[in-house]
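To start, the structure itself, in structure tokens.
Taken together, the values in this text are just the output of simple stated rules run on the coordinates, not laboratory data. Remember, it's a predicted structure, so these values are computed and weren't measured experimentally. Counting neighbours? That spans all protein chains shown, and the Cβs are built from the backbone with ideal geometry, glycine included.
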Ligand SMILES: Nc1ncnc2c1ncn2[C@@H]1O[C@H](COP(=O)(O)OP(=O)(O)O)[C@@H](O)[C@H]1O
Ligand SMILES: [Mg+2]
């Protein structure tokens, strides 16, 4: 599923609000952006968080609830208002619709009713007015066949290249939880890491996410791995899925630097990805691992077709296996070949400056640039340009500050 709908709820009654929340938390395509227990505060909450959908429960106070619907429709026309009530009184339904509600649902809410309403809203708004009701976002995971093949180098540089395009907003997620070094490549000293985000996952919203990300000068945002190794226990695949869902709801592109353990977190990340770059070099141990990993990926539904084999450091040594021999060994197309250029790459890393700024004309840089463009082009075919622009605006509040 590529799309996430961001939703905010207002319901002054704790019990019903919690039951709604629990229902919504189970739906993958819904991101619960904010919850509010007071009608009078909700417009501000919605203005700040700009949800796609506002779910307004009328049961606590129908008059206040109806007034809120009118206010939301006026002040936040981009947000679709869904109303929920245990009353089925005709006059109440009529008034709610007149005030601008798009759907009127009955409490207790049934999942299928909610999903059907969501579908109707998307159908009626999809593409019209250039408004992105459901935004789609691209997720690329960078996997490696062993340590040191260049995954972090690729993840960082692809992200920074994508971030050059003013229509994109890009985040990097360092999932190499024990040994990740994406922060070093970007010369960033992070205050927060993915661990902080995961620990606060139940109350995670934009402001918290904003504090957890560090912006690099190139425009990409980094969500780093924990600094201390002992911090690395708590994240579950479910928590990671929700972190990815929020990042997807926010950024046009998410680049994930995977660990080399291929555990549940890496699998969850790959599952959420549109493409997985399986990075290898042209030596025997690496190619053997390509074959092994492809066999392993074949066991997981839908994973195999996302895999793109990327050969890094082409021309490293005379003893390298030839590309044609490699093709024979792995029995699979090679998606991209990146030349070896140690001086340029290592200088870029040591300075914490991405290739695109450090050595824009180098052959290495151009190859990574074309790789990023090729991924992006393949994925942009089904997206409307307007949709991508809308998305960028969402995180524009981050563009001042946070960078280093
Ligand atoms: N195309 C390349 N040419 C030369 N050196 C490279 C290239 N790609 C990566 N490297 C170097 O290889 C080393 C390992 O890269 P890294 O991205 O940290 O690997 P991984 O994240 O897979 O462990 C780094 O020193 C990096 O500078
Ligand atoms: Mg790495």
ask   = Can you give the extra length, in nm with one decimal, that the chain gains between residue 62 and residue 346 once fully stretched, where that is 0.36 nm per residue apart less the Cα-Cα distance?
value = 95.8 nm
inquiry  = Can you give me the distance in nm between label points at residue 236 and residue 98, each placed 7 Å from the Cα along the Cα-to-Cβ direction?
reply    = 4.8 nm
task = Determine the calculated [θ] at 222 nm for the chain from helices alone, applying -39500 (n - 2.57) to every DSSP H run no shorter than 4 residues and normalising by the residue count; nearest 500 deg cm²/dmol.
result = -13000 deg cm²/dmol
ask   = Considering only the chain, what is the antiparallel percent among its DSSP beta bridges, to the nearest 5?
value = 10 percent
note = The helix 237-250 Cα axis meets the longest alpha-carbon principal axis of the chain at an angle in degrees, between 0 and 90 and rounded to 10, of 80 degrees
ask   = Nearest 0.05, what FRET efficiency do residue 299 and residue 179 give at R0 = 22 Å with Cβ-Cβ as r?
value = 0.25
query = So, how do all the Cα-to-Cα distances of region 1-124 break down into 10 Å bins, in percent, from 0 on up?
reply = 14, 52, 32, 2
note = So the angle from the long Cα axis of helix 342-351 to the longest Cα principal axis of the chain, reported in degrees to the nearest 10, equals 40 degrees
ask   = Cα-Cα pairs above 15 Å in region 277-342: how many percent?
value = 48 percent
query = Taking the mean number of other Cβ atoms within 10 Å as a proxy for protection, how do you rank 190-200, 342-352, 272-282 from highest to lowest?
reply = 272-282, 190-200, 342-352
remark   = Distance in nm between residue 89 and residue 21 label points, each 7 Å along Cα→Cβ, equals 2.9 nm
task = Write down the Å³ per residue value for the convex hull defined by the alpha carbon atoms of the chain.
result = 137 Å³
query = Between residue 14 and residue 261, what is the FRET efficiency for a Förster distance of 56 Å, r being their Cβ-Cβ separation, to the nearest 0.05?
reply = 0.85
